[in-house]
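Some notes on the structure that comes next.
Just so it is clear, none of the values below were taken in a lab; they were calculated from the coordinates. Everything numeric in this text was worked out from a predicted model, so none of it was measured. Virtual Cβ from ideal backbone geometry, glycine too; neighbours counted across all protein chains shown.
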Amino acid sequence: MPVISVRGLKVKFGSTQILRGVDFDLEAGQTLGVVGESGCGKSMTGLTLMGMVPHPGHVEGSIRLEGRELLGLPEREWRNLRGDQIAMVMQDPFSSLNPVMRVGDQIAEVYQVHSAMSYRQAHAKAVEMIGHVGIPDPERSARKFPHEMSGGQRQRIVIGCAFAGRPKALIADEPTTALDVTIQAQILELLGQLQAECKTAVMLISHDIGVIGEVAHRMAVFYAGKIVETGPTERVLRSPQHPYTRALLAALPSPEKDTLESIPGQPPRFEELESGCSFAPRCPFRFEKCQVEPELMVAEPEHSKACWLDSQN
Amino acid sequence: MFWFGISFLAVVVLVALIGPAVTHSPFEKVGTPFAPTGSQFWLGTDEQGRDIFARLAYGARISLGIGLTVQALALVVGITLGTLGVYGPNWIRVPILRFTDAMFAFPDVLLAILIIGVWSTTNQAQSILAVIASLAITAWPSVVRLVRAQVATYKDREFVLASQALGASTFYSVTRHVLPHLGGIILAVSMVDLAGIILAESALSFLGIGVQPPIPSWGSMINQARLDMASHPVNLVWPCLVLSLTIFSLNFLGDGLRALSDPKSQGRS
């Protein structure tokens with residue numbers, strides 16, 4: 001059974017649909033890579049899994065954590081899940097730590113919130129965690145404020161906070177985007193190491209396909225609030241089926257290319273979505289059938305796409 | 001000027017704490033009326049022969065005591081309502097903000113006079129309570145505005161969301177992650193507010209509706225010395241000087257603290 005199973009997830013703000021029916025599973029110990037342009041609903045999916053959709057948002061569909069339906073749970077129950085069963089690593093380590101609180105206390109907070117631990121016990125566990133995420137001299141580092149640490153160290157602290165509760169599922173929203181390339185690899189390695197220890201199911205949101213290709217077991221490509229292609233990472237990257245995925249891959253820089261490919265046009269604004277395939281206006285292969293919106297269909301075993309091209313139907 | 005403010009206030013507080021104990025009684029006639037400045041009466045005596053220094057020292061207790069109590073009450077009410085004004089559900093948030101706006105429409109001192117007028121006091125202790133209540137009722141709205149604006153800027157900061165994503169309740173994340181950030185600005189603004197409250201208390205006492213005699217207050221001392229201004233102007237100078245310097249000092253202190261709490265100014269004041 002998957003740790004998290006999402007079916008028909010829709011998020012609406014008034015009449016504007018941000019997510020338009022998303023299905024995916026997160027498996028224990030595995031990583032699902034999520035790619036897509038800015039504003040395609042990646043981060044909103046993460047927030048929805050945390051039960052933290054901002055105020056006027058309305059959520060439909062189903063999110064199951066080990067078979068238990070989460071949508072419709074009262075806020076109190078969500079609060080017990082957050083940080084304990086489902087945790088989140090945010091993008092920017094410079095703003096996701098409280099600047100006036102010692103980092104040790106920020107990790108200790110997770111233990112204090114979820115188990116009735118004394119401050120002393122929680123602090124001891126926090127120091128242990130700081131050592132565990134690879135920061136030297138944990139005793140002394142625990143007394144540091146965030147501004148006394150480098151970006152990479154801060155992100156290690158943020159990851160320490162997220163794994164303090166040994167969560168079953170982790171949402172990592174662009175965890176390496178704000179960091180130097182050299183630090184990125186270390187942070188991804190740390191994530192992978194803790195993930196293996198806790199058997200955590202990870203959803204890794206990134207717009208860096210290189211990062212996804214390196215660490216994700218499966219990947220999902222988002223476009224305009226829907227998944228347009230999903231499958232094992234290797235297969236999706238080797239034989240992309242959806243024209244959008246192909247365009248994304250073609251847009252990657254490489255030493256052999258003199259110019260960078262771009263995808264003409266803009267992603268549609270959610271309030272202006274027309275019927276039919278949402279990528280059709282930018283798609284070089286569009287034909288009559290694209291006026292009907294395609295659902296995900298199997299292209300090869302385990303590999304699905306939402307596109308009428310080369311399809312049997 | 002910051003250091004002048006701190007030093008002068010330190011002297012005032014020290015005199016308020018130990019002054020009345022080491023000099024004469026501030027309530028009784030201890031010498032001849034209008035005795036000059038000297039070794040027995042450091043600042044002379046007033047029209048009833050009471051020691052002016054002792055009365056100023058005791059008045060400092062009253063003024064600072066009332067000021068601090070009122071500001072403390074205003075902070076408790078203001079921080080609570082200001083935070084609710086951001087995090088509260090609509091049915092409580094909107095009335096709080098509208099009511100606060102409405103309070104700004106009243107002139108402060110007039111409202112205080114009205115409250116004292118309605119609350120007919122019978123003894124001196126009650127007169128102090130009435131002054132505290134009337135000033136506190138006029139002091140909290142500005143704190144609500146400040147706190148609401150500040151809390152609103154922190155509400156959507158990523159570390160506040162992050163703490164909620166780790167399972168913290170709203171109450172927990174507000175008290176641990178939002179309110180501690182307001183400490184500096186609240187302290188700085190409190191000093192300036194405190195100056196205003198002390199001035200307002202003196203105004204009420206000057207008008208004779210504040211602290212009731214024989215309890216000395218800077219305002220009532222000014223009022224009494226005013227009657228003999230032509231013959232003994234020095235008696236009017238002392239309470240005026242102490243009151244003005246205290247208010248200057250609090251303002252300097254407030255400015256200095258504001259500069260310190262704002263990293264962009266690099267501690268210049």
Practice problem: Partner chain Cβ atoms within 10 Å, averaged over the residues of B:154-163 - can you pull that number for me? | Solution: 6
Practice problem: Can you give me the P(r) profile for segment A:70-123? Cα pairs, bins 5 angstrom wide beginning at 0, each as a whole percent. | Solution: 4, 17, 21, 22, 20, 12, 4, 0
Quiz item: What order, most packed first, do the peptides A:50-61, B:50-61 have when packing is the mean number of other Cβ atoms within 10 Å of each residue?
Solution: B:50-61, A:50-61
Self-check item: A:Ser254 paired with A:Ala124, simple spin-label distance in nm, labels 7 Å along Cα-to-beta-carbon
Solution: 5.5
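Just the Kirkwood number for segment B:117-213, please: inverse of mean 1/r across all distinct Cα pairs, in Å, one decimal. Write down the numbers at each step before the final one.
Details: mean 1/r = 0.0623 Å⁻¹.
Answer for segment B:117-213: a Kirkwood hydrodynamic radius of 16.1 Å.
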Quiz prompt | 10 Å binning of all Cα-Cα separations within segment B:16-175, expressed as whole percents from 0 upward | solution = 10, 24, 23, 19, 13, 8, 3, 0
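If you count, for each residue, the other Cβ atoms within 10 Å and average over each peptide, how do A:180-193, A:31-44 line up from highest to lowest?
A:31-44, A:180-193
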Quiz item: Arranged from highest to lowest average of other beta-carbon atoms within 10 Å per residue, in what order do the peptides B:10-16, A:109-115, B:234-240 appear?
Solution: A:109-115, B:234-240, B:10-16
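Diagonalise the Cα gyration tensor of segment B:1-77 and give the resulting equivalent ellipsoid semi-axes, square root of 5 times each eigenvalue, largest first, whole Å. Walk me through the intermediate numbers first.
Numbers: eigenvalues 159, 48, 17 Å².
Each semi-axis is √(5λ); the values are 28, 15, 9 Å.
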Exercise. Relative to the longest principal axis of the C-alpha atoms of chain A, give the angle of the C-alpha long axis of helix A:103-114, reported between 0 and 90° and rounded to the nearest 10°.
Key: 80
Exercise. Between B:Met1 and A:Thr182, take the C-beta separation as r, use R0 = 51 Å, and let me know the FRET efficiency to the nearest 0.05.
Key: 0.55
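Could you pull out the GluC sites (Glu not before Pro) across segment A:212-313 that fall in loop regions by DSSP (anything but H, G, I, E, B) with no more than 15 other Cβ atoms inside 10 Å? Can you show the working numbers first?
On the way: sites: A:Glu214, A:Glu229, A:Glu234, A:Glu256, A:Glu261, A:Glu271, A:Glu272, A:Glu274, A:Glu288, A:Glu295, A:Glu302; in loops: A:Glu256, A:Glu261, A:Glu274, A:Glu295, A:Glu302.
Sites meeting the loop and neighbour criteria: A:Glu256, A:Glu261, A:Glu274, A:Glu295, A:Glu302.
How long are the three semi-axes of the equivalent ellipsoid of chain B, in whole Å, if each is the root of 5 times an eigenvalue of the C-alpha gyration tensor, listed from largest down? Provide the component values of the computation, followed by the final result.
Working: eigenvalues 339, 93, 39 Å².
Value: 41, 22, 14 Å, ordered largest first.
Which value results when the Cα radius of gyration for segment A:120-180 is divided by 2.2 N^0.38 Å? Don't skip to the answer; put the middle values down first.
Numbers: Rg = 11.9 Å, N = 61, 2.2 N^0.38 = 10.5 Å.
Normalised by 2.2 N^0.38 Å, the Cα Rg of segment A:120-180 equals 1.13.
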Quiz prompt | Candidate aspartates and glutamates for bridging to A:Lys144, where Cα separation is under 14 Å - those fewer than 8 sequence places away on the same chain excluded | solution = A:Asp105
Quiz item: Between B:Phe99 and B:Ala125, what is the spin-label point distance in nm, taking each point 7 Å from the Cα along the Cα→C-beta axis?
Solution: 3.0
Quiz prompt | Of every Cα-Cα pair in the protein assembly as shown, the percent that sits beyond 36 Å | solution = 53
Quiz item: Based on DSSP H assignment, which helices of chain B show an axial Cα extent of at least 30 Å together with a mean Kyte-Doolittle hydropathy greater than or equal to -0.5?
Solution: B:52-87, B:124-155, B:183-206, B:233-261
Exercise. Quickly work out the A:Glu60-to-A:Glu197 label distance, labels modelled 7 Å from Cα along the C-beta direction, and quote it in nm with one decimal.
Key: 4.3
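Considering every residue in A:92-98, what mean count of other chain Cβ atoms within 10 Å of its Cβ is obtained? Walk me through the numbers on the way to the answer.
Numbers: counts 3, 1, 2, 6, 8, 4, 13.
Across A:92-98, the average partner-chain Cβ count within 10 Å equals 5.
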Quiz prompt | Alpha-carbon Debye profile of chain A, log10 I(q)/I(0) at 0.06, 0.10, 0.14 Å⁻¹ | solution = -0.22, -0.59, -1.09
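What is the sum of charges, Lys and Arg at +1 and Asp and Glu at -1, for the other residues whose Cβ falls under 14 Å from the Cβ of A:Leu19?
Numbers: positive: A:Arg7, A:Lys10, A:Lys12, A:Arg20, A:Lys42, A:Lys226; negative: A:Asp23, A:Glu60.
Combined, the nearby Lys, Arg, Asp and Glu give +4.
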Quiz item: Can you list the aspartates and glutamates whose alpha carbon is less than 19 Å from that of A:Lys257, not counting same-chain residues fewer than 8 positions off?
Solution: A:Asp208
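What does the average come to when, for each residue of peptide B:62-72, you count the partner chain Cβ atoms lying within 10 Å of its Cβ? Don't skip to the answer; put the middle values down first.
Values: counts 0, 0, 0, 0, 0, 0, 0, 0, 0, 0, 0.
Going residue by residue through B:62-72 and averaging, the value is 0.
By its C-alpha gyration tensor, with a ≥ b ≥ c as the square roots of the eigenvalues, how is segment A:1-109 shaped: rounded for a/c under 1.5, else prolate for a/b larger than b/c, else oblate? Don't jump to the answer; show the numbers that get you there.
Values: a/c = 1.58, a/b = 1.36, b/c = 1.16.
Taking the square roots of the gyration eigenvalues as a ≥ b ≥ c, segment A:1-109 is prolate.
What is the fewest-to-most order of A:Lys12, A:Lys199 by other Cβ atoms lying within 10 Å of their Cβ? Kindly include the intermediate steps, with their values, before the conclusion.
Numbers: A:Lys12 17, A:Lys199 13.
Fewest to most other Cβ atoms nearby, the residues stand as A:Lys199, A:Lys12.
When the helix-only estimate is applied to the protein assembly as shown (DSSP H runs of n ≥ 4, each -39,500 (n - 2.57), divided by the residue count), what is the mean residue ellipticity at 222 nm, nearest 500 deg cm²/dmol?
Working: 20 runs with 287 residues, N = 582.
About -16000 deg cm²/dmol.
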Quiz item: Using the alpha-carbon atoms, what tilt in degrees (0 to 90, nearest 10) does helix A:181-198 show relative to the longest principal axis of chain A?
Solution: 80
Quiz item: Once the Cα atoms of segment A:107-263 are picked out, what are the Rg and Dmax in Å?
Solution: 18.7, 60
Quiz item: Considering amide H positions built from the backbone, and no H for Pro or chain starts, which residues 5 or more places from A:Leu170, or on another chain, come under 5 Å of its amide H?
Solution: A:Ala87, A:Ala201, A:Val202, A:Met203
